[in-house]
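This report refers to the structure that appears directly beneath it.
The values are calculated or read from the model by the stated rules, or taken from the named source; none is laboratory data. These figures come from a predicted structure and were not determined experimentally. Positions of Cβ are generated from backbone atoms using ideal geometry, with glycine treated the same way; all protein chains shown enter the neighbour counts. Ligands, DNA and RNA are stripped out before the accessible areas are found, and what is left, the full protein with its side chains, is counted by its heavy atoms. Shrake-Rupley method; radii C 1.70, N 1.55, O 1.52, S 1.80 Å.
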Amino acid sequence: METIDDTDRKILNALQSDCAQSLDALSDHVNLSRNACWKRIKTMEANGVITARVALLDPDKLDLKLLVFLLIKAARHDAQWLDQFAKATKTMPEILSVHRMSGDLDYMLRARVKDMSDYDLLYRRLIERVDLADVSASFVMETIKDTNTLPL
C-alpha cells in the first residue's frame with residue numbers, strides 16, 4: 001500500500017469536490033507547482049488510488065426519479081449461481097451497485113429507474129436471468145444524504 005501524505009489528501013479532497021478544475025487552480029489550492037501536482041495525480045492513478053474521473057448526473061433531470069434498493073436471497077450458494085448472478089447484474093444498466101452482504105440477506109442492489117413500471121420491467125428481467133429465492137424492494141421517498149466523497 002502506498003503512503004498517502006497530507007498533500008495527497010488535499011489533492012484527493014479537491015478532486016472529489018471538482019475533478020474538472022484546472023491543474024493550475026488545483027496546484028494553487030494545494031500549494032504545489034503544476035508539475036509536482038500532476039506527478040502526484042499520475043502516481044495515484046497508476047497505483048489505483050484514483051480509479052476514475054467522472055461527471056455526476058442529476059437523475060431527476062434525466063427522468064430516473066425512482067431510487068430502489070433490492071434485497072436478494074440467493075436460490076443457491078455455488079460458483080455457477082454466483083457467476084450467473086454477477087453477469088446478469090453487470091449487464092443491467094439500471095443496477096448501479098451490487099453488494100454481497102452478511103446477515104439474513106445475501107445481496108443488496110441499488111438501482112435507478114423512471115417509475116414503478118420501469119422497476120417492474122427491471123424485476124422481471126432480473127428473475128428471468130437468475131433464479132432467486134427471494135426479492136424484496138424498498139423505494140426511496142427522500143434522500144437526506146448521498147455522496148461519493150470519501151472521508152480523508
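Specify the inter-centroid distance of the range 1-24 and the range 80-119, based on alpha-carbon positions, in whole Å.
Cα centroid of the range 1-24 versus Cα centroid of the range 80-119: 31 Å apart.
Can you give me the accessible area per residue for the range 86-152, using a 1.4 Å probe, in Å²?
Heavy-atom SASA per residue in the range 86-152 reads 73 Å².
I need the phi-derived Karplus couplings for the range 91-105: 6.51 cos²θ - 1.76 cosθ + 1.60, θ = phi - 60°, integer Hz, Gly and Pro marked x.
Once θ is set to phi - 60°, the couplings for the range 91-105 become 9, 9, x, 5, 7, 8, 8, 9, 10, 7, 10, 8, x, 6, 9 Hz.
Positive end of the dipole of the chain, charges at C-beta (+1 Lys, Arg; -1 Asp, Glu), about the Cα centre: which of 147, 72, 91 has its Cα farthest in that direction?
Ranked along the dipole, the leading option is 91.
Tell me what the chain gives for mean residue ellipticity at 222 nm when only DSSP H runs of n ≥ 4 count, each as -39,500 (n - 2.57), the sum divided by the residue total, rounded to 500 deg cm²/dmol.
Calculated at 222 nm, the ellipticity per residue is -12000 deg cm²/dmol.
Determine one quarter of the surface area of the Cα convex hull of the chain, which equals its mean projected area, and express it in nm² to one decimal.
Orientation-averaged projected area of the Cα hull: 11.7 nm².
How large is ³J(HN,Hα) for each residue in the range 55-65, as worked out from phi by the Karplus curve 6.51 cos²θ - 1.76 cosθ + 1.60 (θ = phi - 60°), to whole Hz, x for Gly and Pro?
Values, residue by residue: 9, 8, 10, 8, x, 5, 6, 9, 6, 10, 7 Hz.
Tally Lys and Arg at +1 and Asp and Glu at -1 over the other residues with C-beta under 11 Å from the C-beta of residue 82: what net charge comes out?
Spelling it out: positives minus negatives among the neighbours equals 0.
Using a 1.4 angstrom probe on heavy atoms only, work out the carbon and sulfur share of the accessible area of the chain in %.
Of all accessible area on the chain, carbon and sulfur atoms account for 51 percent.
If a/c stays under 1.5 just call it rounded; otherwise compare a/b with b/c (prolate if a/b is bigger, oblate if not). Do that for the range 100-152, with a ≥ b ≥ c from the square roots of the Cα gyration tensor eigenvalues.
In terms of gyration-tensor shape, oblate.
What are the ³J(HN,Hα) values, in whole Hz, obtained from phi via the Karplus relation 6.51 cos²θ - 1.76 cosθ + 1.60 with θ = phi - 60°, for each residue of the range 117-133 in sequence order, with x given for Gly and Pro?
Coupling constants for the range 117-133: 5, 5, 4, 4, 5, 4, 4, 5, 5, 5, 6, 6, 8, 9, 7, 10, 6 Hz.
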